[in-house]
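*Asks:* Below are the structure tokens for one structure; questions will follow.
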Amino acid sequence: MRTRFLLGALTGGVVDIVATNLLTLPVLVVAATTIDIAQVPKSQLSAAMLETLRVHPALYVAAFIAGILASILGGYVAGMIAKGSYTLSGALSAYLCVGMGIYAILTGKLGMVPLWQHIVILPLSPVLGVIGARLYARRRERQVNAPLVTAEG
């Protein structure tokens, strides 16, 4: 049981990060279309992309929502693998997000998010992981308690 719990938390964290990158990719593609990439030096391309997200609130919100959905998915996967301790496995699935957030705060590499938002968002990731794990638990409970339907009707 303990192995499943740890594997669930570890896998959920990886799913969270991978899903965040995949879900924000379309947002970044749209942001890239607003920049004349040929005119921006390669060393400043990342800063130009972040500035585009800052200037276009809809893109920023879309990227934020993608991150929220990815954290919920990570918690869901953690709960599915752990098959128990849903709250704890979901919360721990945010270990990579929390670790990267703390790293960003400590090093000052905040990207497009101001410090105050990092501090506010930091506890949100484990909460979203718990939501995902609890969604899995609720789904599993409904499946277990569902009436058996036979061919006879």
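Laboratory data are not the source of any read-out in this text; all were calculated from the coordinates shown. What you are looking at is a predicted structure, and each value in this text was computed from that prediction instead of being measured. A quick note on method: Cβ atoms are made from the backbone with ideal geometry, for glycine too, and the neighbour counts reach across all protein chains shown.
*Asks:* Using helices alone, I'd like the mean residue ellipticity at 222 nm for the chain: each DSSP H run of four-plus residues gives -39500 (n - 2.57), total over residue count, nearest 500.
*Replies:* Working: 7 runs with 118 residues, N = 153.
Roughly -26000 deg cm²/dmol at 222 nm, from the helical runs in the chain.
*Asks:* Which of (1) 15.0, 47; (2) 15.4, 59; (3) 19.0, 70 is the computed Rg and Dmax of the Cα atoms in Å for the structure on display?
*Replies:* (3)
*Asks:* Normalised by the number of residues in the stretch 2-144, what is the relative contact order in percent for Cα pairs under 8 Å and 6+ residues apart?
*Replies:* Here the relative contact order equals 34 percent.
*Asks:* Same structure again: Report the paramagnetic label zone for S46: residues of the stretch 1-34 whose backbone N is under 20 Å from a point 7 Å from Cα along the Cα-to-Cβ axis.
*Replies:* 17-34
*Asks:* With each label point set 7 Å from Cα along the Cα-Cβ vector, what nm distance links R140 and I35?
*Replies:* Placing both labels 7 Å along Cα→Cβ, they lie 4.2 nm apart.
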